[in-house]
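Q: The structure's right below; bear with me while I get my questions together.
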Amino acid sequence: MLIQEVILENFMSYEYARVPLKPGVNIICGPNGAGKSSLLLAISVALGQSYTERSRKLSELIRW
């Protein structure tokens, strides 16, 4: 399975973000607080992970 793109909408610190990915290794870098871990967490949740280190409920990850 290849993930070609991640679209985040109202997830944690993201109001909206579109992140295209290329085949092979993708490097996610940025300053502290930029949302790198949130992006990886969003991929984990999309693949079925329900318990996260940041929250016991997925509803707590939604940006209100």
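Q: Using Cβ contacts closer than 10 Å as the measure, can you line up GLU9, GLU53 from fewest to most? Mind showing how you got there, number by number?
A: Numbers: GLU9 12, GLU53 7.
Ascending number of Cβ neighbours within 10 Å: GLU53, GLU9.
Q: Shifting gears a bit: What percentages make up the Cα-Cα pair-distance distribution of the chain when the bins are 10 Å wide from 0?
A: The distribution over the chain is 19, 55, 25, 1, given as percents.
Q: For LEU41, LEU61, which order do you get if you count the other beta carbons within 10 Å of each Cβ and list the fewest first?
A: Ascending Cβ contact count within 10 Å gives the list LEU61, LEU41.
Q: Put +1 on the Cβ of each Lys and Arg and -1 on the Cβ of each Asp and Glu in region 5-61; which of VAL19, LEU8, GLN49 then has its Cα farthest toward the positive end of the dipole?
A: It is GLN49.
Q: Please report the relative contact order for the chain, taking Cα pairs under 8 Å with a sequence separation of at least 6, and give it as a percent rounded to a whole number.
A: After rounding, I find 34 percent.
Q: Using +1 on the beta carbon of Lys and Arg, -1 on that of Asp and Glu, and nothing else charged, what's the dipole of the chain about the Cα centre, debye to 20?
A: For this selection, approximately 80 debye.
Q: Grab the beta carbon distance between TYR16 and GLU53, set R0 = 30 Å, and tell me the FRET efficiency rounded to 0.05.
A: It comes out at approximately 0.80.
Q: Another question, then. Taking neighbour Cβ counts within 10 Å as the exposure measure, how do LEU39, LEU21 sort from fewest upward?
A: Listing LEU39, LEU21 from fewest to most nearby Cβ atoms yields LEU21, LEU39.
Read-outs throughout are calculated quantities, based only on the coordinates presented, and are distinct from any laboratory measurement. Since the structure is predicted, the reported quantities are computational estimates derived from the model, not experimental observations. Every residue, glycine among them, receives a Cβ derived from its backbone with ideal geometry; neighbour counts consider all protein chains shown.
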